[in-house]
Amino acid sequence: MGPFLLRRLATFIATLAVASVVVFAVLELLPGNAAQVILGDSATPESLAAMEAQLGLDRPALERYTQWVGGWLQGETATSISYGVPTAELVAQRLEVTLPLALMAMLITVVVALVLGVYAAARHNKLGDVGVMAASQLGIAVPNFWFAILLILLFAVHLQWVNAGGFPGWRVDDGGGFWPALQSLILPAIALAVVQAAILARVTRSAVLDVLREDFVRTARAKGLTQRQALIRHVLRNAMIPVLTVGGLQFANLITGTIVVESVFVLPGIGRLVFQAIANRDLLVVRDVVMLLAALVIVVNFVVDVLVAWIDPRLRTS
């Protein structure tokens, strides 16, 4: 396991480095003047010069890149142009919403997908299997923002069980609390989980069916194990590799792709921060948030690789 981890760790660091170069190059080395984009065509030469100095455009690109990366490694980030605070502070505030939302959505996704996927595989070509596949196809086809609006109409407008939107905060001193904050994330998490659970349920069903056809499963059944015992003891662990791989990609997608649902529920998360930064032409915030999201995706993929190798030892020696 040690050599495998070292190889994966080296790949992880190299991927992060490449991602940082790409993000920096796209936002700072493309043709055009970033200061002109931020201030508009009516900006005076003096204001342009001041903005270029604030952005560091009067220094060589390599110096700006090393200062940016070095600042991130030391925990020091640039100051947002529109908010007037360090971008790390902005990102930390928004992650208090986006990260729990993504974790809740992923938890719902995994529980629903595993239950429905295994249920459908155990009843292959029967009514239960057909029903699960039809429901999953419907879940894939439904846009999450439309489903979010339906949830608001049902639970917030008609039943009035929860608020239609907003986030009160995790701290009681700020007027919120753990339970009110958790309540405000339940409907968004369900809206995000619908599509992901439908996809993962189909992947789980396919993976379980493939393992059920293996010779060792037939041998286990011939030795007297029931179908449930064979599923729990032999099938599930071997079927988890594709499920984990797809689930990791889905979790990364939940972190980086919540902008629409956050807008519907008026949640101050990472997605809305990116949208507002683009609208305000705050390129410093856009650059740092994009880099953070890329880093989160790389970290999730690294963790998935390690978990898959732990489940299947053959991958560590391949």
Open item on the list: Of the candidates A43, A294, A88, which one comes out as most mobile in a Gaussian network treatment of the chain with C-alpha springs shorter than 10 Å?
Closed with: A43
Task: Residue-averaged 222 nm ellipticity for the chain, from DSSP H runs of 4+ at -39500 (n - 2.57), nearest 500 - done: -24500 deg cm²/dmol
- [ ] State to the nearest 20 debye the size of the charge dipole of the chain about its Cα centre, where the only charges are +1 on K and R beta carbons and -1 on D and E beta carbons.
- [x] 2020 debye
Open item on the list: Suppose we keep just the alpha-carbon trace of segment 129-267; what are its Rg and Dmax in angstrom?
Closed with: 19.8, 62
Task: Contour minus Cα-Cα distance for M133 and A17 (0.36 nm per residue) - done: 37.6 nm
Open item on the list: Could you tell me the calculated FRET efficiency between L307 and D58, based on Cβ-Cβ distance and R0 = 45 angstrom, to the nearest 0.05?
Closed with: 0.45
TODO: Output the peptides 10-21, 254-265 sorted from most to least packed, where packing is the average of other Cβ atoms within 10 Å over each peptide's residues.
DONE: 254-265, 10-21
Task: the chain: most fluctuating residue of A198, A252, A156 per GNM, C-alpha cutoff 10 Å - done: A156
TODO: For A43 and R233, calculate 0.36 nm times their separation in residues minus their Cα-Cα distance, and state this gained length in nm to one decimal.
DONE: 61.5 nm
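If packing is taken as the average number of other Cβ atoms within 10 Å across a peptide's residues, how do 237-244, 275-282 rank, most packed first?
Highest-to-lowest ranking by the protection proxy: 237-244, 275-282.
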Open item on the list: Running a GNM on the chain with Cα contacts under 10 Å, which residue among V142, V235, V110 ends up with the highest mean-square fluctuation?
Closed with: V142
Task: Surface/4 of the Cα convex hull for segment 66-170, nm² - done: 11.4 nm²
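Indicate the helices, whole DSSP H runs only, in the chain that combine a mean Kyte-Doolittle hydropathy of 1.0 or more with a Cα extent along their long axis of 18 angstrom or more.
Helices meeting the span and hydropathy rule in the chain are 2-28, 87-122, 127-141, 178-212, 236-256, 283-311.
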Open item on the list: Net charge within 12 Å of L101 by Cβ-Cβ distance, Lys/Arg positive one each and Asp/Glu negative one each, not counting L101 itself?
Closed with: 0
Task: Given charges at Cβ of Lys, Arg, Asp, Glu: segment 55-209 dipole, positive-most of H158, V194, V91 - done: V194
Open item on the list: With every protein chain kept in place and ligands, DNA and RNA left out, what is the accessible area per residue of the chain? Probe 1.4 Å, answer in Å².
Closed with: 53 Å²
- [ ] Leaving ligands, DNA and RNA out of it, report the carbon-plus-sulfur percent of the accessible area of segment 67-183 at a 1.4 Å probe.
- [x] 67 percent
TODO: Divide the volume of the convex hull of the Cα atoms of the chain by its number of residues and quote the answer in cubic angstrom per residue.
DONE: 188 Å³
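The values are calculated or read from the model by the stated rules, or taken from the named source; none is laboratory data. Nothing here was measured: the structure is a model prediction, and the numbers come from that model. Here Cβ is always computed from backbone atoms with ideal geometry, including for glycine, and neighbour counts include all displayed protein chains. Heads up: the accessible areas ignore ligands, DNA and RNA and are worked out on the full protein's heavy atoms, side chains in. Shrake-Rupley method; radii C 1.70, N 1.55, O 1.52, S 1.80 Å.
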